[in-house]
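Remarks on the structure that follows.
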Amino acid sequence: MSRAETAGRVSPLWTFGLFRSELLTTFRRWRTLALLGVLAAVPVLVGVAVRIETGGDGSAGGGGGGGPAFISQITNNGLFLVFTALAVTLPFFLPMAVGVVAGDAVAGEANAGTLRYLLVAPAGRSRLLLTKYATVMAFCLVATLVVALSALITGALLFPLGDPTTISGTRIGFAEGLVRALLIALVVALSLIGVAALGLFVSTLTNSGIAAMATTVGLLTTVQILDQLPQLHALHPYLFSHHWLSFADLMREPVYWDDLTKNLGLQALYAAVFGSAAWARFTARDITA
Amino acid sequence: MGEASATERDGTRPDGTRPDGTRPDGPHAGPVADAGGGDGDGGGVIVTRALTKRYRGGQLAVDGLHLTVPAGSVFGFLGPNGSGKTTTIRMLMGLIEPTSGTAHVLGRPMPRSARAVLPHVGALIEGPALYGFLSGRDNLLRYDAADPTADPRTRHARVAAALDRVGLTAAAGKKAKAYSLGMKQRLGLAAALLRPRRLLVLDEPTNGLDPQGMREIRTLVRELASDGTTVFLSSHLLDEIEQVCTHAAVMARGRLLTQGPVAELSAGARGRLAVTTPDAADAARVLKEQGVADVVVAEERVSGEVPERDLAEVNAALVAAGVRVRGFGVERASLEDAFVALTGEGFDVAG
Ligand SMILES: Nc1ncnc2c1ncn2[C@@H]1O[C@H](COP(=O)(O)OP(=O)(O)OP(=O)(O)O)[C@@H](O)[C@H]1O
Ligand SMILES: [Mg+2]
């Protein structure tokens, strides 16, 4: 393929130019920025709500068991807003944002007609699809970090910071708390690669970006509902969202790895299955748009 | 920008042809073809054999196409709406898979060799497609980045040169969604010109352009051709093809009707005898008496097929009958006449 004829010396590094271009293009879209804005707003809302609720009397909100994970600890330690914010956004806001970006990745370009020009450039179908997937994964990471950072800043502004207490009851240093927060953000980002692969596959099926985004978000909601139905108990371990909240286990001492590895294994399985399906579809497809 | 050869060509081109219709294979004669080893097809830059495409809906869009585009030609791909031009181009560019038959571009099979062939090909397919939220320049930077064989170190310079070539330098920083149709078309052309190409495939390149823009595109096409680039140009505008093309192929309903040098195509159709006169009715009667078939009266112009007999006699008969003749002569057949002669019908959309 990379014959000398093409221009003398073609550097294999040039192939990453497309990835860079794809990142730039994705993060310059108004829609991407709006999604990130919404994600950044969620921790602020949660923080303000907790602040108003507790009225500054220091005690955690009444019904100890209610609300998302760690919420009762926020008033004592703003760092916990990071964990709460991730727990709040992971079930819907984060995967929805990923679903929108992934669903639009191929279908949006097909819709605009830019896909045909990328392909005659020639981007190469496998290379383009890989680049798209890498970009969606980068978005997963950026989106998660946006939530975590916004939560950290809000937490620091509204609440005292200090050494956090783990779920197991032990105290860890603030620095280690920060490291755990970063680790949790990484695990949350990795939890999204299954949805990302699913969204990308849907995106190769249609020429309408809107349809692909709506389908992906619809599937996401459906899976969440199925995960709530006790009758489908046997199915639950295979739903990509089933182990999502296992990231809280990183706040145990020692860390409880069982569900975490199950989660990451499941995400890898989804990535492999839907990634292959997307590849099979995209490399064989007629591009007529 | 190659003025000398452009003028020279313009000089030889009242009828849109070159002496032999082709050009000698220049310095561009073909690394890809040489390396591919598969150019036993007579050296055509584009060679299709029995190329057929049936869309999933069942529509037979291209039916057994045997097309040969000689190196160095400006090849007009002509046909009414829906005749299969864009479908053929999509197959040549590897965007869709042929149902049967083969297509070779630069001596290599498509779509299999797309990654080796396409860096040498610039294409405008079914109009431009742009990222509206990016500037014109950023659109080109993105398309160039998509080509893994394009040198990123020269990217900005090449983009600037391409913008300049299509006259968009002033508007390069503007968001593409704010471009007019003609500006978008120019930007699409610029994307095809990002690198020196051996083949340009332009699907209706003058669509949406004003007359000035159309002239500029034609000049550009001639310039590129004089640099040795083969240009494959689809259109449904017959006079456009006549003005810039050395060769043409005519499609109708997915089938190839004919292909060859433009001069031969229009010579294939016989010209028509035309008489300009205020006495059109009398003239028509006399012409019929003189054995002129297919007489058509259009206001002060009467035309018909050129008869076997000496035209001087026909003219004398007109004058003898008291017809006031203002003009008398045989009009050279246009490509449109050729088209009508070939299809036996007008230039209408197939069902
Ligand atoms: N994606 C598609 N699916 C099904 N049929 C199609 C598709 N694209 C084109 N066709 C059909 O194939 C035939 C040829 O279409 P094509 O676009 O190749 O024509 P064309 O010569 O480019 O026409 P135009 O001058 O209007 O651009 C038409 O009958 C059209 O309806
Ligand atoms: Mg067309």
Considering B:Thr154, B:Thr102, which residue is out of contact with any strand residue (DSSP E or B) (no Cβ under 6 Å at 6 or more places or on another chain), modelled with pLDDT under 95 and either assigned by TED's automatic domain parsing to the domain that holds B:Lys174 or of a type in the set (Val, Ile, Thr) (or both)?
B:Thr154
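Conditions tested, residue by residue: (1) open to solvent by 10 Å² or more (accessible area, probe 1.4 Å); (2) more than 30 Å from A:Trp30 (Cα to Cα); (3) within 9 Å of chain A (Cβ to nearest Cβ).
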{"position": "B:Gly76", "(1), (2), (3)": "no, yes, no"}
{"position": "B:Ser100", "(1), (2), (3)": "yes, yes, no"}
{"position": "B:Leu106", "(1), (2), (3)": "no, yes, no"}
{"position": "B:Leu118", "(1), (2), (3)": "no, yes, yes"}
{"position": "B:Ala129", "(1), (2), (3)": "no, no, yes"}
{"position": "B:Asp138", "(1), (2), (3)": "yes, no, yes"}
{"position": "B:Leu141", "(1), (2), (3)": "yes, no, yes"}
Looking at the stretch B:45-64, which of the residues that are within 20 Å of the chain's Cα centre (by Cα) and within 14 Å of another protein chain (Cβ to nearest Cβ) is farthest from B:Ala103 (Cα to Cα)?
B:Ala61
Test: residue in the stretch B:151-168 that is open to solvent by 60 Å² or more (accessible area, probe 1.4 Å), polar (S, T, N, Q) and free of Cβ contacts under 8 Å to residues at least 24 places away in the same chain:
no
Which members of the stretch A:273-288 meet the condition of being more than 16 Å from ligand 1 (Cβ to nearest atom) and touching a residue at least 40 places away in the same chain (Cβ under 8 Å)?
A:Val273, A:Phe274, A:Gly275, A:Ala277, A:Ala278, A:Trp279, A:Arg281, A:Phe282, A:Thr283
Out of A:Ala156, A:Ala148, A:Ala110, I need the residue that is of a type outside the set (D, E, K, R), under 18 Å from the mean Cα position of the chain (by Cα) and either outside any loop (DSSP other than H, G, I, E, B) or modelled with pLDDT under 95 (or both). Which one?
A:Ala148
With respect to B:Ile89, is the statement that it is within 13 Å of ligand 1 (Cβ to nearest atom), open to solvent by less than 10 Å² (accessible area, probe 1.4 Å) and closer than 18 Å to B:Arg198 by Cα true?
yes
I need the helices (runs of 4 or more DSSP H) fully contained in the stretch B:221-293, keeping only those with at least 1 residues that are small (Gly, Ala, Ser) and more than 16 Å from ligand 2 (Cβ to nearest atom).
B:262-268, B:280-289
Considering (1) more than 10 Å from every other protein chain (Cβ to nearest Cβ); (2) open to solvent by 30 Å² or more (accessible area, probe 1.4 Å), say which one B:Gly182 fails and leave the rest.
(2)
Collect the residues in the stretch B:210-240 that are in contact with a helix residue (DSSP H, G or I) (Cβ under 6 Å, 6 or more places away or on another chain) and within 16 Å of ligand 1 (Cβ to nearest atom), keeping them in residue-number order.
B:Ser234, B:Ser235, B:Leu238
Return the total of residues in the stretch A:1-33 being modelled with pLDDT of 90 or more and either open to solvent by 40 Å² or more (accessible area, probe 1.4 Å) or more than 7 Å from chain B (Cβ to nearest Cβ) (or both).
13
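Residue under question is B:Leu200, and the condition is that it be within 14 Å of chain A (Cβ to nearest Cβ), in a strand (DSSP E or B) and more than 16 Å from ligand 2 (Cβ to nearest atom); does it hold? So that I can check it myself, show each step before the final result.
Details: within 14 Å of chain A (Cβ to nearest Cβ): yes; in a strand (DSSP E or B): yes; more than 16 Å from ligand 2 (Cβ to nearest atom): yes.
The answer is yes for B:Leu200.
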What about A:Val136, is it β-branched (Val, Ile, Thr), away from chain B (no Cβ under 14 Å) and closer than 18 Å to A:Ala278 by Cα?
yes
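More than 19 Å from the chain's Cα centre (by Cα) and either farther than 22 Å from B:Gln259 by Cβ or within 16 Å of ligand 2 (Cβ to nearest atom) (or both), is that true of B:Gly132? Even if it seems obvious, please write down each step before you answer.
On the way: more than 19 Å from the chain's Cα centre (by Cα): yes; either farther than 22 Å from B:Gln259 by Cβ or within 16 Å of ligand 2 (Cβ to nearest atom) (or both): yes.
Judged against the criteria, B:Gly132 is a match.
The values are calculated or read from the model by the stated rules, or taken from the named source; none is laboratory data. Fair warning: this is a prediction, and the values are worked out from it, not measured in the lab. Reconstructed Cβ throughout: ideal geometry from the backbone, glycine too, with neighbour counts over all protein chains shown. Side chains are part of the model used for accessible areas, which takes the heavy atoms of the whole protein and leaves out ligands, DNA and RNA. Shrake-Rupley method; radii C 1.70, N 1.55, O 1.52, S 1.80 Å.
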